[in-house]
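Have a look at the structure below, then the notes.
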Amino acid sequence: MHTQLIYKYIAKKFWGPFCFALGVFAALVMLGDTFEKMKNLSNGVATIWDVLTYSLLTFPNWLTTIMPVACLLGSISVISEMVSNGEWTACIAGGFSPRQLFKPVIACILTVVGLTMLMQEFIVPPLLAKADTVFYTRLKPIPNYNQALEPNVIIKVAPTQMLFAKEVDLGNGTMTKVSLDTYNDAWDIAEQIVAEQMVWNKEANRWMFTNGLLRTFTGPTNTSEERFDAKDAPISIRPNQMSISQVEEKLMSIRDLTKRINFHKRTGISFYSAETTRQSKFATPFVTVIMCLLGMPFAISSRRKSKILNIIASMVIAFAFWSFISMCTAVGVNGYVNPFVAGWGPVLFFAVVVFFEFKWMRL
């Protein structure tokens, strides 16, 4: 019972500095983003309400980015305050080990991480989609903007087949102004199908060309052409299995990334980038916890620390941590290292650093 009371007391102390840090950073980001978008007010279409709406829709995404730093500052602050008030020494004298006193802080961090991942998976993506609509229809208008349509799409549908489409609407299962090029072993074009549309045929479970032309290359300069009203396409990939969105992968949910990876594997396209991003998202809980464990012993190293020093320490640790992660992600995205190594490498590296840090400080 005595142990549980201590744990609850420490956990309660965590939320104050965490909320303070989250509020300060969130306010700075919100104001900066809002003022940056105000330059679009001169386009004659955008209003203050449009700018505020866009900022509010993108705010949850910024919030998920800030969460790890707020966790780090909260964990350092609660330990530092306990040390400076003598509470840490009293707990140690009462039989608690430093690792035991870290447990309630880690539990709070895991709670934040869980909520962050839920936000990234289910809340952030749809809100960013709405933010894009506001941006491209009000703040930086694009004529005839339609978020459901993906323009100028190129898809590798088979090892020797490339599909080009002017507009793609996977929701309705249609592609407009399409060209399917088939190449021989020497990568010379052997056949080309040009059509006004390619439509998903639910009954036949395949795509169908409409109002098109079949062009066969029988020699370097000889071709034969055949017009058609409807023709089965040699493509059986269902629309809901395709992933052609131009949304940045780091802003996609794990489900959407998995869909993209499966689509790229099926069509023979490189999936290093999507897989690296997915593994980085899977590693997020461990990244945040290890980053906090890296900073928490700092709070015990001296008896007196100011809040400013805690903030500086948090920013330095976070910057070093995320710089290393960004570097690993970059090499993974470009295929220089295995995506699993790129995603989990920083976690393993800093886990070893934390292990030796705890050993050196005898925690």
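Within segment 236-282, the only residue that satisfies the criterion of being open to solvent by less than 30 Å² (accessible area, probe 1.4 Å), among the charged types (D, E, K, R) and without any contact (Cβ under 8 Å) to a residue 60 or more places away in the chain is ARG260.
Here's the yes/no breakdown for (1) closer than 21 Å to GLN241 by Cα; (2) part of a helix (DSSP H, G or I); (3) basic (Lys, Arg):
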{"residue": "MET117", "(1), (2), (3)": "no, yes, no"}
{"residue": "VAL124", "(1), (2), (3)": "no, yes, no"}
{"residue": "LEU127", "(1), (2), (3)": "no, yes, no"}
{"residue": "PRO141", "(1), (2), (3)": "no, no, no"}
{"residue": "ILE154", "(1), (2), (3)": "yes, no, no"}
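One residue stands out among those in segment 90-99 that are in a helix (DSSP H, G or I) and in contact (Cβ under 8 Å) with a residue 60 or more places away in the chain: the one that is farthest from PHE358 (Cα to Cα), which is CYS91.
Of all positions in segment 223-235, none carries a residue that is part of a loop (DSSP other than H, G, I, E, B), open to solvent by 60 Å² or more (accessible area, probe 1.4 Å), free of Cβ contacts under 8 Å to residues at least 40 places away in the same chain and not aromatic (Phe, Trp, Tyr). Quickly run through segment 330-357 and pick out the residues that are in a helix (DSSP H, G or I), farther than 12 Å from VAL287 by Cβ and open to solvent by 70 Å² or more (accessible area, probe 1.4 Å). Result: PHE340, VAL341, VAL352, PHE355, PHE356. For segment 114-166, the candidate set comprises residues that are among the aromatic types (Phe, Trp, Tyr) and under 24 Å from the mean Cα position of the chain (by Cα); within that set, the residue that is surrounded by the most Cβ atoms within 10 Å (Cβ to Cβ) is PHE135.
Among the conditions (1) among the aliphatic types (A, V, I, L, M); (2) surrounded by fewer than 17 Cβ atoms within 10 Å (Cβ to Cβ); (3) in a helix (DSSP H, G or I); (4) touching a helix residue (DSSP H, G or I) at 6+ places or on another chain (Cβ under 7 Å), VAL83 misses just one, which is (2).
Considering only residues that are within 34 Å of the chain's Cα centre (by Cα) and in a loop (DSSP other than H, G, I, E, B), look in segment 167-188 and name the one that is surrounded by the fewest Cβ atoms within 10 Å (Cβ to Cβ).
Residues of segment 167-188 within 34 Å of the chain's Cα centre (by Cα): 167-181.
Filter once more, so that each one left must be in a loop (DSSP other than H, G, I, E, B): 170-173.
Numbers: LEU170: 20, GLY171: 10, ASN172: 12, GLY173: 17.
My answer is GLY171.
Given THR218, THR210, which one is over 30 Å from ASN61 (Cα atoms) and either surrounded by fewer than 12 Cβ atoms within 10 Å (Cβ to Cβ) or not β-branched (Val, Ile, Thr) (or both)?
On the way: THR210 fails: either surrounded by fewer than 12 Cβ atoms within 10 Å (Cβ to Cβ) or not β-branched (Val, Ile, Thr) (or both).
Residue meeting the stated conditions: THR218.
Restricting to segment 33-49, count the residues that are under 27 Å from the mean Cα position of the chain (by Cα) and open to solvent by less than 40 Å² (accessible area, probe 1.4 Å). Matching residues across segment 33-49 total 4. Scanning segment 334-362 for residues that are within 29 Å of ALA274 (Cβ to Cβ) and either among the polar types (S, T, N, Q) or modelled with pLDDT under 85 (or both) yields ASN334, GLY335, ASN338.
Counting only residues that are open to solvent by 50 Å² or more (accessible area, probe 1.4 Å) and either touching a residue at least 24 places away in the same chain (Cβ under 8 Å) or among the acidic types (Asp, Glu) (or both), which one in segment 189-201 is nearest to THR174 (Cα to Cα)?
Initially, segment 189-201 is screened for residues open to solvent by 50 Å² or more (accessible area, probe 1.4 Å), giving 189, 191, 194, 196-197.
Next, from what is left, pick out any that are either touching a residue at least 24 places away in the same chain (Cβ under 8 Å) or among the acidic types (Asp, Glu) (or both): 189, 191, 196.
Values: ILE189: 25, GLU191: 22, GLU196: 10 Å.
Top of the filtered list is GLU196.
Of all residues in segment 93-102, those being within 19 Å of PRO68 (Cβ to Cβ) and either in contact with a strand residue (DSSP E or B) (Cβ under 6 Å, 6 or more places away or on another chain) or open to solvent by 40 Å² or more (accessible area, probe 1.4 Å) (or both) number 0. When only residues in segment 37-58 that are among the polar types (S, T, N, Q) and in contact with a helix residue (DSSP H, G or I) (Cβ under 9 Å, 6 or more places away or on another chain) count, which is modelled with the lowest pLDDT? The selected residue is ASN43.
The values are calculated or read from the model by the stated rules, or taken from the named source; none is laboratory data. Please read all numbers here as calculations on a predicted model, not as lab measurements. Using ideal geometry, Cβ is built from the backbone for each residue, glycine included, and neighbour counts are taken over all protein chains shown. Heads up: the accessible areas ignore ligands, DNA and RNA and are worked out on the full protein's heavy atoms, side chains in. Shrake-Rupley method; radii C 1.70, N 1.55, O 1.52, S 1.80 Å.
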